[in-house]
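The values are calculated or read from the model by the stated rules, or taken from the named source; none is laboratory data. The model shown is predicted, which means the values in this text are computed figures rather than measured ones. No Cβ is skipped: glycine too gets one built from the backbone with ideal geometry, and neighbour counts run over all protein chains shown. For accessibility, only protein heavy atoms count, side chains too; no ligands or nucleic acids. Shrake-Rupley method; radii C 1.70, N 1.55, O 1.52, S 1.80 Å.
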Amino acid sequence: CPAWRSSPACRPPRMMRAPSPEQRRELGEFIRARREKLTPGGIGLPAAGRRRTPGLRREEVAQLAGFSTTWYTWLEQGRDVSVSAPALARLAAALRLGRAERAYLFDLAGRHDPDPGDAAPAAPPDALDSVHAITCPAYLLDRSFTALSWNAAARHLFVGWLDQEGPANLLRFIFATPGARRFICDWESRARRVAAEFRAATRLHLEDPPIRDVIADLHRASPEFARFWAEHAVLGREGGERTFQHPTDGFLRYRQVSFALDGAPEMKLTMLLPI
């Protein structure tokens, strides 16, 4: 076996999926381009006279990332080599990758990022304000499905959720607020779907304290949530008809649409259009 295979970088990694040949080529071209944009002085290395090529040498990046030069060269060449998530994290640090660049690196390599930045990103102020410019019920959810902002129409519609003081978590409303079962038509079907959407949305952040707390609290508070969560269903957050039995307005029908935010794709803007 070549000596480089004993490196921790080459141990069997946790994979999302095996990268395609095109993705391996793109990965190699990407890290080469990033290497060529760095300078020795910019990362604290001494300048060693004139260089024939721009940026850092391969052996310099390999040393910074804890790789062998041979293995790093193969990675740049787009060869079918295996790389672990911790090794990719060291490479991202060595190349001084920003958040979007780091996410791109991990996506190309087909790995879960062990530390994707990872306090939850703050909502852009314009996004919080934009909710109030919408005339139909609208609200902005973070990745724990807690509402960050909502307009007056949403406050009026969602009795027991958005008209209350304190954190406004959608799952806690659905599963732990008694009035939700009367308010949401076809409650069981909707609740099961939201649990599956939550699992899909939080797949990379299950160790985040806010998300872990929501899951633990709902296991204690709701046998239905525990049952739905154990089904391991995964669904994307999609639109469609939503019906409610409002305590003062009676039966209401809406068409739900959701959008990811530029610069904060884990947050979702949801609008309910009257039908």
Segment 219-254 and segment 64-89 have their Cα centres apart by a whole-number Å value of 45 Å
Note on the chain: helices (DSSP H) long enough, at least 15 Å by alpha carbon along their axis, and hydrophobic enough, mean Kyte-Doolittle at least 0.5, are none
SASA check, Asp249, accessible area w/ 1.4 Å probe, all protein chains in place, rounded to nearest 10 Å², comes out at 80 Å²
Farthest towards the positive end of the dipole of the chain, among Thr69, Pro247, Leu235 and with Cβ unit charges of +1 on Lys and Arg and -1 on Asp and Glu, lies the Cα of Thr69
Trypsin sites (Lys or Arg not before Pro) in segment 213-275 lying in a DSSP loop, each with at most 12 other Cβ atoms within 10 Å of its Cβ, come to none
Listed by chain and number, the residues whose amide H is under 5 Å from that of Arg111, excluding neighbours fewer than 5 places away on the same chain and using placed H, are Met16
Sorted by chain and then number, the residues having a modelled amide H within less than 5 Å of the amide H of Gly78, at least 5 places away or on another chain, are Gly28
If exposed means GluC sites (Glu not before Pro) lying in a DSSP loop and surrounded by at most 13 other beta carbons within 10 Å, then the longest stretch of the chain lacking such sites spans residues 1-164
Reported to the nearest 10 Å², Arg102 has, with a 1.4 Å probe, an accessible area equal to 50 Å²
Per residue, accessible area of the chain with a 1.4 Å probe, heavy atoms of protein chains only, in Å², comes to 52 Å²
Going residue by residue through segment 126-131, the Karplus relation 6.51 cos²θ - 1.76 cosθ + 1.60 with θ = phi - 60° gives ³J(HN,Hα) values, rounded to whole Hz and with x marking Gly or Pro, of 4, 5, 4, 6, 5, 4
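If you roll a 1.4 angstrom probe over the protein chains with everything in place, what fraction of the accessible area of the chain belongs to carbon and sulfur, to the nearest %?
Answer for the chain: carbon and sulfur cover 54 percent of the accessible area.
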At R0 = 25 Å the Cβ-Cβ FRET efficiency linking Leu235 and Ser20, nearest 0.05, sits at 0.45
Rounded to the nearest 10 Å², the 1.4 Å probe accessible area of His232 is 120 Å²
Descending accessible area (1.4 Å probe), largest on the left, turns Asp80, Asp115 into Asp80, Asp115
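For Arg190 and Arg79 in the same chain, what is the full-extension length gain: residue separation times 0.36 nm, less their Cα-Cα distance, in nm?
Once the chain is fully extended between Arg190 and Arg79, it gains 35.3 nm.
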